[in-house]
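Everything below concerns the one structure shown next.
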Amino acid sequence: MDTQRLIDALRETDAVRFGEFELSHGGTSDYYVDKYRFETDPTSLSLISEAFAELLGDDGSKLAGVALGAVPLVAVTSVETGRPYVIARKQQKEYGTANLIEGDLEDGDEVIIIEDIATTGQSAIDAAQALREAGAVVDRVLVVVDREEGAAENLAEHGLQLEALVTATQLLEDSGR
């Protein structure tokens with residue numbers, strides 16, 4: 001994987017912004033990584049899917065994307081690798097099938113979670129729990145950006161290994177911050 005090329009692509013989309021931002025877990029930060037900037041850019045998506053494919057190897061696991069943010073990432077990675085995927089919802093729908101997991105998931109399937117950005121890792125932990133309750137075997141989480149704010153440690157406490165394409169340190173390097 002060409003990490004610098006991916007970092008350059010993320011920067012070119014203006015995905016990294018500076019200021020005062022409230023994060024989804026309730027904390028604040030002086031920078032924000034706007035996933036929608038890179039998830040709507042074909043060049044970034046292509047580089048991300050290639051990098052995820054390299055990390056995945058040939059183990060035959062299915063993929064899972066956490067709704068909504070990781071759906072574009074898991075979809076392009078599925079196309080890149082030919083692997084099927086499921087979508088893990090944050091909460092059950094109150095209509096239709098009321099599924100928490102969307103897609104074909106069989107008891108005993110090995111699944112790797114794909115996520116956009118990891119701060120605390122809580123959304124990946126929740127997804128892993130839902131997948132495990134549905135019968136999946138889950139032990140890996142792949143993310144585009146690890147903000148390096150405790151996600152790896154929190155995931156490890158739940159038997160999950162975090163693998164990031166880029167860390168916040170790498171992404172912010174030479175940005176004047």
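Only the coordinates and a few stated rules stand behind these numbers; no lab work does. Bear in mind the structure is a predicted one, so any value in this text is a computation, not a measurement. Don't worry about glycine lacking a Cβ; one is built from the backbone with ideal geometry, like all the others, and counts go over all protein chains shown.
General remarks:
- When residues of segment 121-136 are limited to those that are more than 11 Å from residue 90 (Cα to Cα) and in contact (Cβ under 8 Å) with a residue 60 or more places away in the chain, the one farthest from the chain's Cα centre (by Cα): 136
- Here residue 121 meets each of (1) crowded, with 17+ Cβ neighbours inside 10 Å; (2) over 30 Å from residue 20 (Cβ atoms); (3) small (Gly, Ala, Ser) with one exception, condition (2).
- Applying the criterion of being more than 17 Å from the chain's Cα centre (by Cα) and aromatic (Phe, Trp, Tyr) to the residues of segment 1-53, the residue that is nearest to residue 145 (Cα to Cα) is 31.
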